[in-house]
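Just so you know, all these numbers are worked out from the coordinates, no wet-lab data involved. Everything numeric in this text was worked out from a predicted model, so none of it was measured. All Cβ positions, glycine included, derive from the backbone under ideal geometry; neighbour counts span all protein chains shown.
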């Protein structure tokens, strides 16, 4: 171990990351969405990846700015070329390239772009009994175009028939924790077979809610049940990453939604459940967060809560695109002001580096 001084703060770091500038450690903590179907040298996203050592990008098909044009996904050949370009921009070639590919209504790689596009929703996969073949086919397709991180599977329990975002879309396997564990394990194993990382979502459970965190504040205090934690307990050793939801539960934290809650992430997920891998936020531009907190406060709370990777999809509101430069500079300011410790960033950086070792 050695001691360093960065921006006036003295702290201890491991020799492994001693030579990495602070802004590049911060860059590793970011997953951003961008506009463009290519990432040639000199493009904004390529420059961001190289300058800030950006940890991850997320791809979308729907373009909120111009509905007549694709945002990132237009065809199989185009996506394969895009991911190669993105990785070439990366300093170590280990850039995480993510999509939401669950099946059913939530799959970015659609048939109209030349992909299979007919993967069933989780609720129907359970009925069909062809889980292994289904998810291996999905994983193979992701791998074939260079996508190495699937923000799935959903392990929310299907316990509220009035829930529109989980039950209504059939995104949950079922309401029994051990059954959810079984199917989620098959999903994860299939992805790993083709070198694709995964993320359990949405901790600490979105299946009991009735609101949509995309739109605004969702309080699950009187609906949430402790049984919703069971899939995470059962899968903690298999999970690559865990995505935290923006749901508010006064019983877990009377002040903050799960994504911004140290009691929920450090206290519940890490200490009580024992998950020590990478924790990623749901999109921090969703209404449940953006309507209540400023960007600076969101970053301060999220990092201090224990989130390792911060997701800014730049997808929900074309008027509120946040640049990588803005994110990095804001976090550096928080460090200068003593509101975020360099040690917290170091811990996140090391977890992410450890995760990327699993990539092919």
- Note on the structure: Going from the fewest other Cβ atoms within 10 Å to the most, one would list 92, 240, 307 as 92, 240, 307
- Query: Looking at the chain, what % of its DSSP beta bridges pair antiparallel, to the nearest 5?
  - Reply: 25 percent
- Message: Modelling each spin label as a point 7 Å along the Cα-to-Cβ direction, I'd like the residue 92/residue 347 distance in nm, to one decimal.
- Response: 2.0 nm
- Query: Where both partners of a DSSP beta bridge lie in the stretch 30-147, what percent of those bridges are antiparallel, to the nearest 5?
  - Reply: 25 percent
- Order by neighbour count: 352, 331, fewest other Cβ atoms within 10 Å first, most last. 352, 331
- Could you sort 147-159, 18-30 so that the peptide with the highest average Cβ count within 10 Å comes first and the rest follow in order? 147-159, 18-30
- Note on the structure: For residue 110 and residue 164, extending 7 Å from Cα along the Cα-Cβ vector and measuring point to point gives, in nm, a value of 2.0 nm
- Item | Separation of the residue 133 and residue 80 label points, Cα + 7 Å toward Cβ, nm | 2.5 nm
- Task: Please report how far the C-alpha centroid of the stretch 323-360 lies from that of the stretch 168-230, rounded to the nearest whole angstrom.
- Result: 26 Å
- Item | Length-normalised contact order for the stretch 21-356 - Cα pairs under 8 Å, 6+ apart - percent | 16 percent
- Task: Could you calculate the contour length gain from residue 250 to residue 67, that is, 0.36 nm times the residue separation minus the distance between their Cα atoms, to one decimal place in nm?
- Result: 62.0 nm
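Using only helices, what value at 222 nm comes out for the chain when you add -39,500 (n - 2.57) per DSSP H run of length 4 or more and divide by the total residues, to the nearest 500 deg cm²/dmol?
-9500 deg cm²/dmol
In what order do 60, 187, 217 fall by count of nearby beta-carbon atoms within 10 Å, going from fewest to most?
217, 60, 187
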